Amino acid sequence: MLPQPVLIIGTYNEDGTPNAMNAAWGGQWDYHEIMISMGNHATTHNLNRCGDFTVAFATEDTLVAADFVGIVSGRNVPDKTARASLKAVASKHVNAPVFPAFPMTLECRIKQKLDESETGYYIIAEIVNILCDEAFLAEDGKPDVEKMHLITFDPVHNGYITLGHRAGNAFHDGQALK
Ligand SMILES: Cc1cc2nc3c(=O)[nH]c(=O)nc-3n(C[C@H](O)[C@H](O)[C@H](O)COP(=O)(O)O)c2cc1C
C-alpha cells in the first residue's frame, strides 16, 4: 500500500517514562477514528495497561529520531526517547506523552482491539484531540501539510520519502471532465 505514513506512537512505560515507536501500518478507520496494526512491542504492553496514546507525524527534521524509535525497543533501552532527544510533555487530554518536536499530534484512546493474540492486535482508536504547532498552520487556521515536510514510508526500497507540494484540488479538479 502506498503511500504509508510514518506515525510515532507515544505511550508511558510502567515507571512513567515516555516511550515512542514507529508505525507505518496505520490509517483512517472512521471519521474520528484511526487504525494501527500493532505487533508485540513495549508499546503494546503499555497499551494493555492504559489504552491512551499519541500519534505524531514524522518529518524530514525528525527522520533520524523516528527511525531510531522504530529499530530500538523500550524493553532494552528504557530511555530511548531521551537518547533520540525527543523531549516529552504530558498530554492534557489523554494519559500519554506529547513530543513537541513533531508539528502535529493526535491524542487518542483505544476503542477496540481486533484479532488480539500473542503477536499483537489491530487497534481501533478514537481521536480525542488534535494538536498542531502554530508555525504549521495555514492562513485559515487549519494545519498546513505542505509546511510540515512530512515523511512517508516506502516499503519497496525501505526508504523515507518526503511529501511534496499540493498538486490539485480534491472533489473539484475532476469537474473539468463532467
Ligand atoms: C519504518 C518502520 C515502520 C514500522 N511499522 C510498524 C507497524 O506498523 N506496527 C508495528 O507493530 N511495528 C512497526 N515497526 C516496528 C516498531 O517500531 C519497532 O519494533 C520498535 O522497536 C518498537 O518499539 P517498542 O518496543 O519500544 O514499543 C516499524 C518500524 C519501522 C522502522
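Rule-based calculations on the coordinates, nothing more; no lab input. Quick caveat, the model's predicted, so the values are computed rather than measured. Methodologically, a virtual Cβ is constructed for each residue, glycine included, from the backbone with ideal geometry; neighbour enumeration extends over all protein chains shown.
Structure summary
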{"item": "Cα-based Rg and Dmax for region 4-177, where Dmax is the largest Cα-Cα distance (Å)", "result": "16.3, 59"}
{"item": "Using alpha carbons only: equivalent-ellipsoid semi-axes of region 1-81, gyration tensor based, whole Å", "result": "20, 16, 10"}
{"item": "Over the chain: helical MRE at 222 nm, DSSP H runs n ≥ 4 each giving -39500 (n - 2.57), nearest 500", "result": "-3500 deg cm²/dmol"}
{"item": "Neighbour-limited loop hits for GluC sites (Glu not before Pro), region 85-178 (at most 11 other Cβ within 10 Å; DSSP other than H, G, I, E, B)", "result": "Glu118, Glu139"}
{"item": "Contour minus Cα-Cα distance for Glu116 and Ala138 (0.36 nm per residue)", "result": "3.9 nm"}
{"item": "Förster-model FRET efficiency, 25 Å R0, Gln4 and His165, C-beta, rounded to 0.05", "result": "0.80"}
{"item": "Rounded FRET efficiency, nearest 0.05, which uses the C-beta distance separating Arg75 from Tyr31 and R0 of 30 Å", "result": "0.30"}
{"item": "Value of D in µm² per second that Stokes-Einstein yields for region 49-124, Kirkwood Rh from Cα pairs, at 37 °C (0.692 mPa s)", "result": "239"}
{"item": "Projected-area average for region 106-178 over all orientations - Cα convex hull basis, square nanometres", "result": "9.0"}
{"item": "Virtual paramagnetic centre 7 Å along Cα→Cβ of Asp15, amide N under 17 Å, in region 83-100", "result": "83-84, 88"}
